[in-house]
Amino acid sequence: MKKESLVILVDDDPSFRRSTERLLRTAGYAIQSFASAPEFLRIPRPDVPACLVSDVRMPGLNGLDLQRELTRAGWQIPIIFITGHGDVPTSVRAMKAGAVDFLSKPFREKDLLDAIEKALERDRVAREERTRLAEVRRNYQSLTPREREVMGHVVSGLLNKQIAAKLHTVEKTIKFHRAHIMEKMQAESLAALVRMAGELGVFQSGASSPWPKV
Amino acid sequence: MAMDSAARPRVLIADENASTRLHVQQILSGAYEVHAVGDGETALAAAREHSPDLVLADTIMPRLDGIGLLRALRNDPGIRDIPVILLSDNEGSRLNALNAGAADYLIKPFSPSDLLVRIDARLEIARLHRKLLDLERKLRPTPEAAETEFARKSNRLRRARNSLQRELSSRTEELSQLNHELIADRQTLLSLKDELAGELKAMNRLHELSNQLLDHIEIQPLLKEVLEASMALLNADFGNMQLYDPKSHALKIVVQRGFEQDFLDYFDNVQEGTASCGAALERRERVIVEDVLTDPVFAQHLPIINAAGYRAVQSTPLIGRGGEILGMISTHFRQPHRPSERELRFVDLYARQAADMIERKREKAALLAAKEEADRRAREAEEAQSILQAIMEYAPEGITLTGGPPDFPIIANSKHAAQMIGRDADTLLNIPSGSHASAYGLLLPDGTRPRPEQLPLYRASRHGEVIKNEEWIIERPDGSRIHELSNCAPIRDSQGRVIGAINCWHEITELKRAEEALRASEERFRRYFELGLIGMAMTSPTKGIFEVNDELCRILGYERDELLQKTWAEITYPDDLAADVAEFNRVMAGEIDGYSLDKRWIRKDGAIIDSIMSAQGMRRADGSVEYFVGLFLDTTERRRAEEKLRRSEANLAEGQRISHTGSWAWTASSGEIFSSQELLRIFGLEAGPSTLTHEIFLALIHPEDRQRIKQAFDEATHNRTDYEADYRIVRPDGSIRHVHNLAHPVFDESGALIEYVGTAVDLTERKQAAELVRKADEQIDMILESISDNFFGLSSDGRFTYFNKHAAKQMEILGKDPAHLIGKVAWEEFPDMPNKENVQRVLAERVPITDELYYAPLGEWVENHMYPSHDGGLVTFQRYITVRKRTEEELRKAQAELAHVTRVTTMGELAASIAHEINQPLGAIVNNGNVAIRIATAENASYDKLGEVLSDIIADAERASAIIAQIRAVMKKSAPEKTSLQLKEVVAAVLALVQRVLAERRIKVRTELPEDLPRVSGDRVQLQQVLLNLVMNGIEAMSDVDAARRILTIGGQRDHLAGQPSVLIAVRDFGNGFSPEDNERLFDAFYTTKPEGIGMGLRISRSIVETHGGRLWAQANANAGATFFLALPAETSAAS
């Protein structure tokens, strides 16, 4: 078994499905397969890195429809399309919508396995990024309301003195808050804090974003 | 010594007073090399000779005083720059001295240090002056700058010196203080020296950069160096250079020094007004921010700037030769700061240099882009060229291309064109279009030589004309002619100017030949038609009567135009209509080709006309009836004659029964004649005497018959025998009657003759009727003789009874004497007769039969129309149809080819889904193959598992092969073959083929085909093609309608076609339907609404259906979409 991962296969052709399932199992992957897109859409999302291998042409919901459905549902699972007959416009549409690869049946074993590795790696990175964001969010939750207020001003570019005046307190207090904020947010620099604020979307209301309008 | 004198500055002292000279010498000799003279003249000479570094002169001297010496020196170019310090014991001439150019003015007595400081300062200034001059020479690009700088410094010095002067003159006690200032001033000068050295270095750097620029296109490192140089010059802590992107109106950093990534990301894209560089971009001039904390430009960016760590910044725009902003050079300082004007001027120089670099780089890049564009165009042209070559090589069409103006010469012919023209390809090129008629053998359709301006290429190239389907003849060198259709158009460039012309043409010789044959045949028919011996008409089943001849007009009493407005039903006698319609329908249904009937008509004047009508359906190649030819023989006269005859015979019989026949008795003894009233009427003697004599009778007999009758009567009375005679009488009114006379002698007991009793019958009407019948028969014979078909009759036992002229000629050709054939049994005379069975069937069953057969002895195909005749025999019209047969055969072949092409095209539209179908099993095979390899090469190979995988591979391979077989079955090109078919199965096969397309397009199919649909006889592949075409049309039609509406219905039911049982299939879609105009064009060739279609599908489908004796039509649905109907005759019996 390769690291913790799952390959999901959607193809309406039973014989092709069985052979691909067999191939991926032999190559050491955990695999789940489905005869149609709706069947797959009903399952719970796996909590390991996963990727989707799907036929483009299927009766009912086709591959591109499935891709659209997943985007709408916010499930950013990397997709590898396979098709019996791939025309250029379809492949371009699929790749533009973010597909990892587009393979024509019959394909070389290596092409499929490479594409799956690439897709799983992409999902792994995406999952880590989501974890990191969740941590930033958690850190922010741990700030007191006053600290959040101060942070809003800090990242909007106000000097301690100015913040103190705004909040009717002394500069020293602001300095104290500021140190706490940096520590709790695990921010190494003001720039890092500003970036986190951007990710959280918590600039002081009314203050314009410090980023130049492009 | 030389080295020593070169190292130490030389001072020339001129003073009359020797003690002063000595004193000064003592003060200076430690630091300078001193030369002392006593008067001005000597001093001038010494200065000219030695060029001292400085001259110290007393104002009052013999021969030439101080001011005079000063002026003399200033007027001598070689020594004019030597600084001169004047010494005096009063202030009196200070102004004069300074005005004359004295470097300094010193009042005696002076302190040694004062003197030394002043001389030092002077010498230093002179040295710097020289150096500046030197620099100026070196820094040729900016002489003004250096000069200004120098002037500025000189002024500054002069100001310092003036103030010093004032201080010295007023406050000698503050001399020491003054000294300090002088020393400070000297330090300033020393630092100035360093600055100038720095400037020199900077200028050299600029030169180097300019030179590098000439060789390198990569600008980044150069800009980096410019930035480094600027930062070094300004002692800046950070710096960056940005390029201006006119599209986004933003500045983008290209090189930088000292900034973190955060800062660079933040200021990655600076718009007008943002920060100092944005402000400089907006104002189009340099912006200096001495402290970012106080400048509003930076108010909103403080966090990031604080993080970056600078306080001051200057941003100088890089301005191009055209005045536009190319970029920005900014330098930043950790502390609040303002760069000096001098520094800024150098920044300007760098900025100009950088702008120059960027512009040159952009020019070079533009040059490269232009070259790439040119290369790309060349490549494209090359590709277009090779595509054109392929077309010219392989297109099965004649294609001729011309070059451009003014001659538009012919530059290329497709391979096919050259073959068709039949001349050496090289002789066909480089001829101005318009002059190529003879080289190409071009002739107008009437065979004459065309004028240049008639040629399609000439018209297309010179007048921009588009020519469609114009007919031309090409005469080949071997004299053969081919007919072709030209389609010619101008070729235009992007401005719409005509730069050539293209002519696409294809051969239609075969078509022309068929047309010729048809025309000849029509011509023959037309002559016959107009011969006028018999009434003739041509009628179309749809358009009614379209041609009648004069004879028919005469028979029916209408003008031609009137008759063409009538329908048969209108002029047919009502009682005869049903029989005619029944026969007509049989012809339409294809059961018979013609029929004959006795039929009555209503003349224009209301009279009833009797006729024998013979109608013949003329069929198209597909078997449908194009028009009818009807022959009409007016038999009214004949019938009337027959009726009169019948009536007179009846009168006769009645007369014999009740003595209405004229009767008479001749008394032998008296010679008196008794006569009945009727007899008197016959002889026209109603008003005459009641007793007649033999003489009176004799007088009434026609003079030609009189003698014969008198003799016959005398003989009868003499021999006492029966008397019978036919003769004519001439009535008193002059009319002639034919009379048949019969009499018996009557004897008494003794055997003596008493009298003759007789009857006289008026035969005139009968005679006349017989004459009419004879004439009518003659007329029919004449018609039969003039018919170009062979015509012959057989008796009920198969003996020849009659031949017309043509038939007789045919018999002669076959080596038989027609005269001897009469009375001989047909199949005995011609044992090889191929249709003997049909002939015998007509005779036995009394049904008309038409057959077509090839008669080898004649080498011709013949068509026989055999009708049972009234005498129990039959009549046969025989016609040669070899030409028609051959044309039909060729047409059938061409249609089969076309059908195959269309079938392949339709399959092409299915290609994507077919590829998918095949690649499914192939994909599975490859996967399983890979698994098999893995299993087989694993250490613990599992043969059970391997077997399972291999079975799957075989199953998938079989599946792929089955799919291919299915496609091949539809694609195969084979001669049509009629078999008994169940349409339900044909529909199922077609649906299997399009199953995936239906699934993908989410189209539901509803089939409503009853189990008991009659079978039809037809070619499976062709009917599959028709249904595939209809189904594909339905699918296409619904490609952009709501999913809920995508339903394709295929229904079937029993029906009737031309009165015969048939099967009706309806393919119904809910697509966008079609307009009434479309309905008429749907079945036209090359009409298509599909981008990939060739527009032959429905056309071919219709002709396939029609050759099956069926019909194919379309109808827009009331609510949505369209329905295509396919009607095919039901199979009648196992025999057919």
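Tabulated data for the structure shown
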| read-out | value |
| --- | --- |
| Folded to 0 to 90 degrees: helix B:40-50 orientation relative to chain B principal axis, Cα | 50 |
| Chain B, relative contact order in percent, only Cα pairs under 8 angstrom and at least six apart counted | 4 |
| Sequence of B:HIS916, A:HIS177, B:HIS820 when ordered by accessible area, the most exposed leading, probe 1.4 angstrom | B:HIS820, A:HIS177, B:HIS916 |
| Positions from segment B:286-325 whose accessible area shrinks by 40 Å² or more when the full protein complex is built, not the chain alone, probe 1.4 Å | B:GLN300, B:PRO303 |
| Gained length - B:ARG519 relative to B:ALA938, 0.36 nm times residue gap less alpha-carbon distance | 142.6 nm |
| Long-range HN-HN contacts of B:GLU672 with modeled amide H, under 5 Å | B:THR667 |
| P(r) weight above 22 Å for segment B:504-601, C-alpha pairs, percent | 45 |
| Globularity index of segment B:799-902, i.e. its alpha-carbon radius of gyration over 2.2 N^0.38 Å | 1.31 |
| B:TRP666 - accessible surface, heavy atoms, 1.4 Å probe, Å² rounded to 10 | 40 |
| Occluded residues from segment A:71-116, i.e. those whose accessible area drops by 20 Å² or more once the chain is not alone (1.4 Å probe) | A:GLY84, A:HIS85, A:LYS105, A:PRO106, A:PHE107, A:GLU109 |
| Calculated log₁₀ intensity ratio I(q)/I(0) where the Debye formula runs over C-alpha points of segment B:389-501, q = 0.12, 0.14, 0.21, 0.22 Å⁻¹ | -0.38, -0.52, -1.22, -1.34 |
| B:ARG377 accessible area, assembled protein chains, probe 1.4 Å, Å² | 150 |
| Rounded percent of accessible protein surface that carbon and sulfur make up, segment B:350-406, 1.4 Å probe | 58 |
| Dimensionless Rg ratio for segment B:75-132, taking C-alpha atoms and the 2.2 N^0.38 Å reference | 1.20 |
| Positions from segment B:230-263 whose accessible area shrinks by 30 Å² or more when the full protein complex is built, not the chain alone, probe 1.4 Å | B:ASP262 |
| Computed [θ] at 222 nm, deg cm²/dmol, chain B (DSSP H ≥ 4; -39,500 (n - 2.57); rounded to nearest 500) | -15500 deg cm²/dmol |
| Evaluated over segment A:125-179, the Cα radius of gyration and Dmax, each in Å | 14.1, 45 |
| Selection from B:SER111, B:ILE67, B:GLN840, by position along the positive dipole direction of chain B (Cβ) | B:SER111 |
| Dipole-positive endmost among B:PHE713, B:ILE79, B:LEU344 within chain B (Cβ charges, Cα centre) | B:ILE79 |
| Global size of segment A:41-189 as Cα Rg and Dmax, reported in angstrom | 24.0, 73 |
| For q = 0.06, 0.08 Å⁻¹, Debye-computed log10 I/I(0) when each Cα of the protein assembly as shown counts as one equal scatterer | -0.94, -1.22 |
| Fraction of the pair-distance distribution of chain B above 59 Å, Cα-Cα pairs, percent | 58 |
| Amide proton proximity set for B:ASN835, modelled H, under 5 Å, gap of 5+ | none |
| Proximal lysines relative to B:LYS836, as straight alpha-carbon distance under 17 Å, when same-chain residues fewer than 8 apart are discounted | B:LYS824 |
| In sequence order, calculated HN-Hα J values of segment B:919-929 (Karplus, 6.51, -1.76, 1.60; Hz; x Gly/Pro) | 6, 4, x, 4, x, 5, 4, 4, 4, 5, x |
| Dipole in debye (nearest 20) - the protein assembly as shown, about Cα centre, beta carbon charges: Lys, Arg +1; Asp, Glu -1 | 6520 |
| J(HN,Hα) series, segment B:583-593, from Karplus relation 6.51 cos²θ - 1.76 cosθ + 1.60, nearest Hz, glycine and proline x | 5, 4, 5, 5, 5, 4, 6, x, 6, 10, 9 |
| Accessible area per residue in Å² at 1.4 Å probe, computed on the protein assembly as shown | 51 |
| Per-residue SASA entry for B:VAL997, accessible area with 1.4 Å probe, Å² rounded to 10 | 10 |
| Span from the segment B:441-480 Cα centroid across to the segment B:804-821 one, whole angstrom | 50 |
| Heavy-atom accessible surface of segment B:754-866: percent carbon and sulfur, 1.4 Å | 53 |
| Carbon/sulfur fraction of accessible area - chain A, other protein chains in place, 1.4 Å, % | 54 |
| Kirkwood Rh, angstrom, segment B:986-1036 [1 / mean 1/r, Cα pairs] | 12.0 |
| Segment A:1-136 - charge dipole about Cα centre, Lys and Arg +1 at Cβ, Asp and Glu -1, debye rounded to 20 | 60 |
| Under 5 Å, built H, 5+ apart or other chain: amide partners of A:LEU61 | A:ALA37 |
| Table column - 3J(HN,Hα) (Hz), segment B:1107-1117, Karplus curve with 6.51, -1.76, 1.60, x for Gly and Pro | 5, 8, x, x, 9, 9, 8, 10, 7, 6, 6 |
| Heavy-atom SASA rank of B:GLU559, B:GLU888, B:GLU484, B:GLU324 (probe 1.4 Å, accessible area, largest first) | B:GLU559, B:GLU324, B:GLU888, B:GLU484 |
| Interface burial for A against B (accessible surface, 1.4 Å probe, total of both chains, Å², rounded to 100) | 3200 |
| Ranked order, B:LEU891, B:LEU128 - accessible area, probe 1.4 Å, largest first | B:LEU891, B:LEU128 |
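The values are calculated or read from the model by the stated rules, or taken from the named source; none is laboratory data. Computed from a predicted structure; not experimentally measured. For neighbour counting, all protein chains shown are included, and Cβ atoms are generated from backbone atoms with ideal geometry for every residue, glycine included. The area values use the complete protein model at the heavy-atom level, side chains included, leaving out ligands, DNA and RNA. Shrake-Rupley method; radii C 1.70, N 1.55, O 1.52, S 1.80 Å.
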